[in-house]
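Have a look at the structure below, then the notes.
The values are calculated or read from the model by the stated rules, or taken from the named source; none is laboratory data. None of the values given here were measured: they were computed from a predicted structure. Note that each Cβ is placed from the backbone with ideal geometry, even for glycine, and that neighbours are counted across all protein chains shown. Note: accessible area is taken over every heavy atom of the protein model, side chains too, but ligands, DNA and RNA are not part of it. Shrake-Rupley method; radii C 1.70, N 1.55, O 1.52, S 1.80 Å.
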Amino acid sequence: EAENLKVESELFLSLSKDKNDFSYMMLFKPIYLKSTILFIIMTTFSAMVSLTNIYTLPLIFSSNNAEYNISNMIITQCVTIPAVVFAAISSKFLGRKSTIIIGFSMCFFFSLLPFFYSKSFVIASSIINFFVMFIICTARLFVMEIYPTKLRDISLAVVYAIAMIGEAITPFLSDFSMGISLIRGTYVQINLLSFIGLVASIIISSEKKNE
């Protein structure tokens, strides 16, 4: 036990010498600033896309047929289960950055579907639910490719704390969008969020930054 305490104390002292390297302010230094901003956009907007889609479901399933509503609700939510598996497969063979790009691309294109086919809300919602999971599941792993080891925990904490602000304002944005064009307004919102997230995921570097 004494030996373990000695090792732990030595580790603590070594970390204390480099405590500035562990500050969250490191994320906003020039070398990491671009990646931090883009990563915030990717995580925040993917969460907002997911919540906007969920927020829209009560309007989509407004039929008086309760059985019809429940069955369609189950379909739109169950697609997230295989999405996790497909995201893992895509990450392995195509890479994490490409998987996130695919997720945002599909959310962008299928959020346009209701404007061309009026009865496609369930289909569009299901596909968006499927592909937004590509982003949500992969983004946490992607941080390993853009930050060195010592900044990974801090980067996740800071970025996802900021993403929660986006999640908090999503219902208000959705209400505003619905006020403009009811259900289609929220799909415009999903479309814009997905497009900005797509641009960020294309720009962000997939190379590891070593120290």
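Could you provide, to the nearest whole Å², the per residue accessible area of the range 118-211 with probe 1.4 Å?
Details: 4480 Å² over 94 residues.
For the range 118-211, the solvent-accessible area averages 48 Å² per residue.
If packing is taken as the mean number of other Cβ atoms within 10 Å per residue, what is the order of 76-84, 193-201, 152-160, highest first?
Numbers: 76-84: 15.1, 193-201: 22.6, 152-160: 17.0.
Descending packing order for the listed peptides: 193-201, 152-160, 76-84.
If a/c stays under 1.5 just call it rounded; otherwise compare a/b with b/c (prolate if a/b is bigger, oblate if not). Do that for the range 109-211, with a ≥ b ≥ c from the square roots of the Cα gyration tensor eigenvalues.
Note, shape of the range 109-211 comes out prolate.
Hey, any idea what % of the range 76-125's accessible area is carbon plus sulfur with a 1.4 Å probe? Don't jump to the answer; show the numbers that get you there.
Details: 2050 of 2670 Å².
Looking at the range 76-125 in its full context, I get 77 percent from C and S.
So what J values fall out for the range 26-33 if you push phi through Karplus, 6.51 cos²θ - 1.76 cosθ + 1.60 with θ = phi - 60°, rounded to Hz, Gly and Pro as x?
4, 5, 10, 6, x, 5, 10, 4
In the range 128-192, what percent of the accessible surface is made up of carbon and sulfur (1.4 Å probe, ligands and nucleic acids excluded)? Can you show the working numbers first?
Working: 2160 of 2910 Å².
Heavy-atom surface of the range 128-192 belonging to carbon and sulfur, 1.4 Å probe: 74 percent.
At what distance in nm do the modelled label points of residue 165 and residue 29 sit from each other, each positioned 7 Å from its Cα along Cα→Cβ?
About 2.3 nm, to one decimal.
Using C-alpha positions alone, give me the convex hull volume of the range 75-154 per residue in cubic angstrom. Write down the numbers at each step before the final one.
Working: hull volume 7.3 nm³, N = 80.
Given the Cα convex hull of the range 75-154, per-residue volume reads 92 Å³.
Which cross-chain or sequence-distant (5 or more) residues have an amide H under 5 Å from the amide H of residue 147, H modelled 1.01 Å from N in plane?
Amide H neighbours of residue 147, under 5 Å, 5+ apart: 209.
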